[in-house]
Amino acid sequence: MSAQNSPHASGPPPPRQEHVSKGANPLRRTSDRFESWFRGLLLLVLVLGLPVAALSAGLTAYESSMRTVQAQSAQRQEVTARLTSNVKGVTTDGKQQAQVRWTDDNGTVRTGTTLVKSGTPKGATVQVWVDRDGGLTRPPMSELNATTTGWFVGGLAAIGVGAGFYAARAGMRHVLDRRRYAQWDAEWDLVEPLWSARFRR
């Protein structure tokens, strides 16, 4: 082998072939370019929309719950009541219904039924919540409840945006694949007779 044909021959290396850009790839179909563009758009919407949707929904739910907290706190008050019967038995939550008696702001003696801890003796005092009409009611919603509601709704909104992203991407891929398969079938209908004729000669 001569020095000229030797793989270790001196001299400038052969020119390197430039890589073909993605846009110039002859195998890249229009549907491939559209899919790439649409996927990028969906990703942008996911990155920007997810935190915005989560924060917006969470803050809206929190503010709405806080208005409920303020309204209930203004309409309900805690009073001291006295049990008029013994509480017997044990339940799963440790509480049972019992009759209680209290005096409202107008000096009227009222009675009602509320949940008290099992084993509480007759005559013991318990704290109960009453509404503006003087009837027994539930405790008002707390600020912790409002915060928890805000986080929960914000999380659901984030999950919804994420699910929408994957559903849109899967739907787009399904539509494009159906179109690609139809194009392949049409092209094969044209090529198959010519291809089969080669073996019938």
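We did not get these values from a lab; they are worked out from the coordinates using the rules stated. What you are looking at is a predicted structure, and each value in this text was computed from that prediction instead of being measured. In this analysis, Cβ positions are derived from the backbone assuming ideal geometry, glycine residues included, and neighbour counts consider all displayed protein chains.
Look at the dipole of region 152-201 built from charges on Cβ: of Ala168, Trp188, Ala158, the Cα furthest out on the positive end belongs to Trp188. The distance linking region 138-152 with region 32-69 is 23 Å (Cα centroid to Cα centroid, whole angstrom).
Estimated from the Cβ-Cβ distance and a Förster radius of 35 angstrom, the FRET efficiency linking Glu192 and Asn25 is about 0.85.
Scanning residues 5 or more positions from Gln77 or on other chains, those with amide H under 5 Å from its amide H are Val130, with H placed 1.01 Å from N in the peptide plane. Evaluated at q = 0.11, 0.19 Å⁻¹, a Debye calculation over the C-alpha positions of region 85-201 (equal weights, vacuum) places log10 I(q)/I(0) at -0.70, -1.07.
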